[in-house]
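For reference, the structure is listed below as structure tokens.
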Amino acid sequence: MDLSEYVHRLDAELDTAAYADVDASANGLQVGSEAETVERVAFAVDAATATIEAAAEAGADVLVVHHGISWGGIDRVTGRTYDRLAALVEHDVALYVSHLPLDGHAELGNAAGVADAIGLVDREPFGEIGPVTIGAIGETTAPLAADAIRETLDGFEGHAEGADAPTRVFEFGPERIERVAVVTGSGADWVDEAVAAGADALITGEGKQQVYHDARESGLTVFLAGHYATETFGVRSLQSLSEEWGLETTYVSHPTGL
């Protein structure tokens with residue numbers, strides 16, 4: 001498959017253009033020539049020297065990630081930026097990035113993956129940023145205790161090795177949780193929207209100092225399940241989709257514990 005066709009298919013599936021005005025990430029093809037061909041694709045959460053080199057070692061023609069290397073442009077090609085670009089160019093590995101589009105996709109997205117794991121039904125888009133959304137909200141099939149949800153979240157890939165309870169919980173909502181909002185990664189700013197939508201709980205990756213007080217005063221349970229751990233689902237879904245398109249794939253697991 002031509003790289004140009006692969007990029008076009010991904011952009012169309014993820015509705016990349018709809019997020020252009022709200023996402024600091026330069027989504028789509030960040031590095032590479034569309035004239036190249038693609039036979040093998042690597043997938044990882046982050047574009048870093050380690051994941052790029054792992055993709056090259058696996059014989060990948062392109063690396064697809066959630067977090068790329070261009071956030072609002074690249075002013076100077078030095079330091080870590082140089083190292084990452086050099087690794088891509090030297091190994092002839094293209095880089096495709098999908099940040100917010102891959103968070104919000106109703107079926108392939110990170111929030112959708114978390115919602116699937118929890119077993120949420122009757123789901124709707126959630127987490128507004130301008131005209132688009134980056135999360136999901138839905139109902140549990142039966143009322144759940146916070147500990148039951150935490151146990152599921154603790155099982156996600158990417159938690160710090162040996163952590164007894166990797167998911168942090170601010171348990172200020174009802175004893176039984178029935179409606180859950182999900183914004184993966186750094187989604188603590190959506191507490192008010194979750195409350196307005198009637199959620200009993202919000203699942204996200206990482207928090208800020210203020211989220212404790214916001215959750216407590218709003219009567220909302222908040223789960224902080226890890227930025228990396230909540231954002232493996234999207235690239236995994238794109239891996240499966242790429243295999244359906246006839247491409248060979250590999251997955252690069254490089255957890256940060258954060």
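Some points to look at:
- With a Förster radius of 35 Å applied to the C-beta separation of Asp83 and Tyr212, the computed FRET efficiency comes to 0.40.
- When only the Cβ of Lys, Arg, Asp and Glu is charged (+1, +1, -1, -1), the dipole of region 135-197 relative to its Cα centre reaches about 120 debye.
- Neighbourhood net charge (15 Å Cβ-Cβ; Lys/Arg +1, Asp/Glu -1) for Glu206: -3
- Taking every DSSP helix (H) stretch of at least 4 residues in the chain, weighting each as -39,500 (n - 2.57) and dividing the sum by the residue count yields a mean residue ellipticity at 222 nm of -9500 deg cm²/dmol.
- Pair-distance distribution P(r) for the chain, from all Cα-Cα distances in 5 Å bins starting at 0: 1, 6, 14, 17, 18, 15, 12, 8, 5, 3, 1, 0 percent.
- Alpha-carbon Rg/Rh ratio, for region 95-200, with Rh computed the Kirkwood way: 0.96
- With Cα atoms, 0 to 90° folded angle of helix 79-91 axis to the chain main axis: 50
- Given charges at beta-carbon only (K, R positive; D, E negative), |dipole| of the chain in Debye: 520
- Angle between the chain longest axis and helix 233-244 axis [Cα atoms, degrees, rounded to 10]: 50
- Exposed GluC sites (Glu not before Pro) absent: longest stretch of the chain, with sites in DSSP loops and at most 16 other Cβ within 10 Å deemed exposed: 176-258
- Projecting the Cα atoms of Val93, Ala48, His8 onto the dipole axis of region 3-98, where Lys and Arg carry +1 and Asp and Glu carry -1 at the beta carbon, places Ala48 farthest toward the positive end.
- Cα-based equivalent ellipsoid of region 3-98: semi-axis lengths in Å, sorted from largest, via gyration tensor: 19, 17, 11
Where a number appears in this text, it was derived from the coordinates with a stated rule and is not lab data. Everything numeric in this text was worked out from a predicted model, so none of it was measured. Neighbour counts run over all protein chains shown; Cβ positions are idealised from the backbone, glycine included.
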